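The values are calculated or read from the model by the stated rules, or taken from the named source; none is laboratory data. The model shown is predicted, which means the values in this text are computed figures rather than measured ones. Here the Cβ positions follow ideal geometry from the backbone for every residue, glycine too, while neighbour counts run over all protein chains shown. Areas reflect the complete protein model, heavy atoms only, side chains present, ligands, DNA and RNA absent. Shrake-Rupley method; radii C 1.70, N 1.55, O 1.52, S 1.80 Å.
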Amino acid sequence: MDTTLLFTAALQLPDPWRVSGVELRDGEDGGRELHITIGFEPGSRFSCPHAQCGREACPMHDVRNRVWRHLNLFQYQAFIHAGVPRVSCPEHGVRAVPVPWARPGSGSTLLFEAMVVEPAKSQPVADIAGQVGEHDTGSWRFIGHDVDQARLYEDYTGVEAIGIDGTSRKGHRYITVLADPAERNVIRVVPGKDANTVKRFALDFMDHNGDPNRVTPVTCDMSPGSAKGIRGHLPNAAKVIDEFHVIKHANEAVGKVRRTQAGRNPLLRRTEYLWLRNEEGLTGLQLETKHNLRKQRVRTGRACRMRGTLQDIHATGTSRMRAEAGFRTWCSWMMHSRPEPMKTLARRIRRHWQDILTYFDHRCTNAILEGLNGIIQHIRTRARGLRNMDHFSTMIYLTCGKLDLATVTI
């Protein structure tokens, strides 16, 4: 078979495109490169590229030469060369004809982009770019394009519950991640953590056929920005502060008590793990150490028991009424105790009283988001920190968004 016919078949070129030449050349780095030239039959005519125009067989105006990076062939880097025709439409003027192997404006073929985008889910983009001999700037450009285009096809019809969680980067730069607990995927990433984050989510949600009025439970933390945004843009939603966020603040309070005491009691130094982890997760020696410290009647041990009681309320609160009674007793105990961090925790719980009790009506949690947050932290770690927040958001969508990339890469 003729080489040009073989490459035409391999590239699956539609009429009137044809491979007109294949050549091995010396590259700038001293290696060999494969250059494939694509043309079209003389006298070919093309349809007007304008989306609203159905005019066919427009006359050719001129040809602009372009080069695209393609998938490697064996050990050789491959490039596609083609003269891109521009046609003259009586209604829409002179326009460039889109080529079937690449998206408009890209310097890489669709197959090359797909080869880079897929491994970016698990590898640093800089490493992938180095493996294929490209600069990571170009890789980020088409990864971002493919993610943005794939998001256009997302459909949030029927989504009735939302989870909200925030994460920060060095320098107090925050992003808010919103997820669909039912589908277990991220549906929106918004910079910041104030009320505008919920507003921007609601607008994007409606752009994808979501109905903010149908969202009922929203699980989130105790930040005032989330509360204001939920009230203003998710009018029928009940704000739910689940057990995870309550116990998170309890752990912080226990940690503050321990640090205060450790300054006076050397035995409490480097024992944070003992107090913040549940006892079933400790070894025999760790349990023995913890029990011996408790016998000394240290305040940290008392604070740890208070945290445990808070967990018991969530575990045994079979109804909102029963849980409320447990919280009232617990808060009274805290306010009559000596450790100031535990009193502060009781005041915090009283400020968010209704939202914490709403958990016992809906029983929805942010567990999915906490799992996704572990993946998000891994994204940042493997890239040794992402200075560009747009790149960070792109990787969250790519890794946790369950996007259908086939809609834009095939």
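Of the residues examined, residue 396 is not one that is surrounded by 15 or more Cβ atoms within 10 Å (Cβ to Cβ), farther than 21 Å from residue 116 by Cβ and β-branched (Val, Ile, Thr). Sub-7 Å Cβ pairs linking a first residue in segment 103-126 that is basic (Lys, Arg) to a second residue that is modelled with pLDDT of 85 or more, at least 6 apart or interchain, are 103/110; 121/398; 121/399, ordered by first then second residue. Are any of the residues in segment 392-409 more than 25 Å from residue 109 (Cα to Cα), at pLDDT 90 or above and not aliphatic (A, V, I, L, M)? Within segment 392-409, one or more residues are more than 25 Å from residue 109 (Cα to Cα), at pLDDT 90 or above and not aliphatic (A, V, I, L, M). All conditions but one from (1) under 15 Å from residue 366 (Cα atoms); (2) touching a strand residue (DSSP E or B) at 6+ places or on another chain (Cβ under 7 Å); (3) modelled with pLDDT of 90 or more apply to residue 188; the one that does not is (1). When only residues in segment 169-226 that are in a strand (DSSP E or B) and of a type in the set (Ser, Thr, Tyr) count, which is nearest to the chain's Cα centre (by Cα)? Checking each candidate, the answer is 176.
Quick check on my filter: what residues within segment 152-167 are within 15 Å of residue 237 (Cβ to Cβ), under 17 Å from the mean Cα position of the chain (by Cα) and not hydrophobic (A, V, I, L, M, F, W, C)? Don't jump to the end; show me each part of the working.
Looking only at segment 152-167, we keep the residues that are within 15 Å of residue 237 (Cβ to Cβ), and these are 156, 159-164.
Going one step further and asking which of them are under 17 Å from the mean Cα position of the chain (by Cα), we end up with 156, 162-164.
Matches in segment 152-167: 156, 163.
For segment 8-28, the criterion of being under 16 Å from residue 76 (Cα atoms), in a loop (DSSP other than H, G, I, E, B), out of contact with any helix residue (DSSP H, G or I) (no Cβ under 6 Å at 6 or more places or on another chain) and open to solvent by 50 Å² or more (accessible area, probe 1.4 Å) is satisfied by at least one residue. When residues in segment 227-240 are screened for being of a type outside the set (A, V, I, L, M) and assigned to a helix (DSSP H, G or I), 5 of them pass. Residues in segment 49-101 that are among the hydrophobic types (A, V, I, L, M, F, W, C), within 34 Å of the chain's Cα centre (by Cα) and closer than 23 Å to residue 6 by Cα: 9 in all.
Taking every residue in segment 350-374 that is touching a residue at least 24 places away in the same chain (Cβ under 8 Å) and pairing it with any residue that is open to solvent by 20 Å² or more (accessible area, probe 1.4 Å) and in a loop (DSSP other than H, G, I, E, B), at least 6 positions away or on another chain, the pairs with Cβ-Cβ distances below 7 Å are 360/319; 364/161; 364/181; 368/181; 368/184.
Which of the residues belonging to segment 146-170 are open to solvent by 60 Å² or more (accessible area, probe 1.4 Å) and modelled with pLDDT of 90 or more? Spell out how you get there, then give the answer.
Of all residues in segment 146-170, those open to solvent by 60 Å² or more (accessible area, probe 1.4 Å) come to 148-149, 152-153, 155, 157, 160, 170.
Correct list: 148, 149, 152, 153, 155, 157, 160.
Any residue at all in segment 223-238 that's of a type in the set (Val, Ile, Thr), modelled with pLDDT of 90 or more and open to solvent by less than 80 Å² (accessible area, probe 1.4 Å)?
Yes, the conditions are met somewhere in segment 223-238.
Which one is nearest to residue 21 (Cα to Cα) among residues in segment 54-94 that are charged (D, E, K, R) and modelled with pLDDT under 90? Step through it out loud before you land on a result.
At the first step, the residues of segment 54-94 found to be charged (D, E, K, R) are 55-56, 62, 64, 66, 69, 86, 91.
Among the residues that remain, those that are also modelled with pLDDT under 90 are: 55-56, 91.
On the way: 55: 31, 56: 28, 91: 35 Å.
Here the answer is 56.
Name the residue that is nearest to residue 77 (Cα to Cα), counting only residues in segment 29-43 that are open to solvent by less than 80 Å² (accessible area, probe 1.4 Å) and without any contact (Cβ under 8 Å) to a residue 12 or more places away in the chain. I'd like the intermediate steps shown before the answer.
From segment 29-43, those open to solvent by less than 80 Å² (accessible area, probe 1.4 Å) are 30-31, 33-40, 43; that's our starting set.
Remaining after also requiring without any contact (Cβ under 8 Å) to a residue 12 or more places away in the chain: 30, 43.
On the way: 30: 12, 43: 32 Å.
In this case the residue turns out to be 30.
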